[in-house]
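Presented below is the structure to which this report refers.
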Ligand code: ARG
């Protein structure tokens with residue numbers, strides 16, 4: 001027999017069918033009156049309405065039919081027709097032991113799809129700022145969640161490595177160092193001795209864009225350079241490659257610190273290689289029209305409640321648009337891979353852009369209707385005052401500075417007992433604090449950065465979770481050192497153990513809803529809840545010195561279950577548990 005709520009619901013449904021009531025499904029809801037039962041079934045009321053009978057009558061009939069199930073300790077009816085169910089200890093113990101043997105049973109939803117995830121989206125030569133944090137955190141966690149539920153995934157960082165700003169940066173370098181080989185007529189692709197660092201780029205980018213904005217000659221020259229770059233002018237292209245390489249090295253370091261990774265490191269430049277092919281296709285389909293010197297695709301639909309402007313492929317100044325690049329990205333992706341869905345984890349303010357791109361992709365049949373294009377917009381992380389996050393001098397807050405400042409707080413406040421590996425552990429804790437706080441609100445909502453709150457050891461925080469997990473782990477290690485054996489749960493001796501396992505029973509539904517809502521908030525809440533329940537149990541019982549051997553080994557097995565499961569969930573969120581804390 002399989003012990004989980006889904007199976008139990010099916011079993012009850014079959015019994016209700018035997019009574020002649022053809023309910024499509026049965027849902028057991030966790031009870032909000034635990035004194036009356038663990039779960040509640042409310043279907044009798046609807047059935048009574050349909051069959052013009054009394055709900056109590058129907059509830060009693062159902063209870064008569066199911067009350068002998070071995071899964072139940074007790075079943076009862078409450079007015080006006082609720083059925084309250086208390087699960088037997090055998091059921092809870094068997095379910096817990098199944099989960100202990102194979103954590104996967106609570107995660108694998110048999111999702112048999114290939115999902116392509118587009119997240120990260122940092123821009124070359126520009127500082128990664130706090131806005132890029134959420135795309136990386138949420139995207140990486142959703143990627144892990146997809147894998148946990150059984151899907152195949154392909155993740156792509158989608159670098160912003162193409163477009164006019166690249167022309168501006170090259171223009172500025174050319175003005176400063178006109179003698180560089182890149183700018184010589186006869187440049188032949190050889191290595192150039194030009195020492196360019198990320199710090200240089202961080203300074204160059206804003207200077208170059210500012211100058212171009214203020215001076216039309218510089219702007220025109222940048223445009224020209226960009227055009228030649230896109231036509232693979234030897235010198236500009238080689239310099240651009242150098243800029244990308246310097247920038248990507250830095251970006252990789254930061255993402256590694258954040259425990260975020262990608263299968264593909266493609267950029268807009270890679271998509272650009274498909275632009276000609278794409279345009280030929282769109283011209284052949286007669287989808288492109290001219291409008292005020294631009295080339296556009298009309299994407300209005302009859303049912304539109306608000307105006308959806310046409311998608312601009314080529315701007316009136318001749319430049320290929322951001323929209324066109326994203327359309328080319330879709331083109332490339334569906335030609336290269338067999339994909340069922342593409343998820344975009346991007347700032348919610350880009351929603352219109354994606355509405356336009358998706359409509360154009362379907363209308364032009366670049367993707368089939370069955371291929372789902374999904375925009376998963378996220379809200380803004382604001383500064384502590386609720387306003388856009390800025391540095392003291394008013395600039396955008398670099399992501400690395402944010403990470404450093406949280407790491408410092410963790411190191412000075414949370415690590416008194418740690419002498420070895422301090423730097424690494426502080427970073428692990430800081431990443432947990434940042435990520436948990438970032439994933440806790442529903443994806444779409446804004447929130448404020450609050451260093452005190454995020455690192456509070458006693459709050460709903462990543463630090464609290466890590467601290468609790470480290471303690472579970474150390475209990476298990478002590479048992480191991482003392483040669484105390486345990487393998488599975490044999491008995492439930494306190495009410496807190498029941499509560500913990502009942503919470504475990506909820507997990508599969510939470511995983512399902514998280515996957516369906518493309519959000520990690522419920523998983524974050526769940527981790528907090530189950531960890532609290534475990535900590536209540538821990539505070540009440542002295543596990544290692546318990547005299548009754550069956551009870552002691554059951555408690556250790558339960559601890560292992562919660563530790564393994566928390567570790568698995570934290571891993572989905574992209575959070576590691578340090579050895580010590
Ligand atoms: N680089 C873009 C930005 O910083 C985000 C890219 C989002 N992904 C996409 N496929 N357009 O705004």
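Structure values in brief
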read-out: Given (1) closer than 16 Å to residue 288 by Cβ; (2) more than 12 Å from the ligand (Cβ to nearest atom), index of the condition residue 338 fails; value: (1)
read-out: Yes/no for residue 347 being under 27 Å from residue 154 (Cβ atoms), within 16 Å of the ligand (Cβ to nearest atom) and surrounded by 19 or more Cβ atoms within 10 Å (Cβ to Cβ); value: no
read-out: Top-ranked residue of the range 153-170 - restricted to ones that are crowded, with 23+ Cβ neighbours inside 10 Å and assigned to a helix (DSSP H, G or I), ranked as farthest from the ligand (Cβ to nearest atom); value: 170
read-out: Whichever residue in the range 109-152 is free of Cβ contacts under 8 Å to residues at least 60 places away in the same chain and away from the ligand (no atom under 11 Å from the Cβ) and, among such residues, is surrounded by the most Cβ atoms within 10 Å (Cβ to Cβ); value: 143
read-out: Residue satisfying all of: in the range 220-235; in contact (Cβ under 8 Å) with a residue 24 or more places away in the chain and more than 18 Å from residue 276 (Cα to Cα); surrounded by the fewest Cβ atoms within 10 Å (Cβ to Cβ) among these; value: 224
read-out: Options 292, 263: the member that is touching a residue at least 12 places away in the same chain (Cβ under 8 Å), away from the ligand (no atom under 14 Å from the Cβ), on the phi > 0 side of the Ramachandran plot and surrounded by fewer than 19 Cβ atoms within 10 Å (Cβ to Cβ); value: 292
read-out: Residue in the range 324-331 that is touching a strand residue (DSSP E or B) at 6+ places or on another chain (Cβ under 6 Å) and within 27 Å of residue 167 (Cα to Cα) present; value: yes
read-out: Members of the range 356-382 found to be surrounded by 19 or more Cβ atoms within 10 Å (Cβ to Cβ) and out of contact with any strand residue (DSSP E or B) (no Cβ under 8 Å at 6 or more places or on another chain), listed by number; value: 366
read-out: Where residue 311 falls short, out of the listed (1) within 16 Å of the ligand (Cβ to nearest atom); (2) free of Cβ contacts under 8 Å to residues at least 12 places away in the same chain; value: (2)
read-out: Failed item in (1) touching a helix residue (DSSP H, G or I) at 6+ places or on another chain (Cβ under 7 Å); (2) surrounded by 16 or more Cβ atoms within 10 Å (Cβ to Cβ), with residue 536 passing the rest; value: (2)
read-out: Lone qualifier among 209, 197 - being closer than 23 Å to residue 400 by Cβ, surrounded by fewer than 16 Cβ atoms within 10 Å (Cβ to Cβ) and in contact with a helix residue (DSSP H, G or I) (Cβ under 7 Å, 6 or more places away or on another chain); value: 197
read-out: Yes/no for residue 489 being at pLDDT 95 or above and more than 17 Å from residue 569 (Cβ to Cβ); value: yes
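Conditions (1) within 28 Å of residue 124 (Cβ to Cβ); (2) assigned to a loop (DSSP other than H, G, I, E, B); (3) in contact with a helix residue (DSSP H, G or I) (Cβ under 8 Å, 6 or more places away or on another chain), marked per residue:
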{"site": "245", "(1), (2), (3)": "yes, no, no"}
{"site": "248", "(1), (2), (3)": "yes, no, no"}
{"site": "251", "(1), (2), (3)": "yes, no, no"}
{"site": "256", "(1), (2), (3)": "yes, no, no"}
{"site": "283", "(1), (2), (3)": "no, no, no"}
{"site": "286", "(1), (2), (3)": "no, yes, no"}
{"site": "296", "(1), (2), (3)": "yes, no, no"}
{"site": "299", "(1), (2), (3)": "no, yes, yes"}
{"site": "304", "(1), (2), (3)": "no, yes, no"}
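The values are calculated or read from the model by the stated rules, or taken from the named source; none is laboratory data. Since this is a predicted model, take the numbers as computed values, not measurements. When we count neighbours, we look across all protein chains shown, and the Cβ atoms used for this are built from the backbone with ideal geometry, even at glycine.
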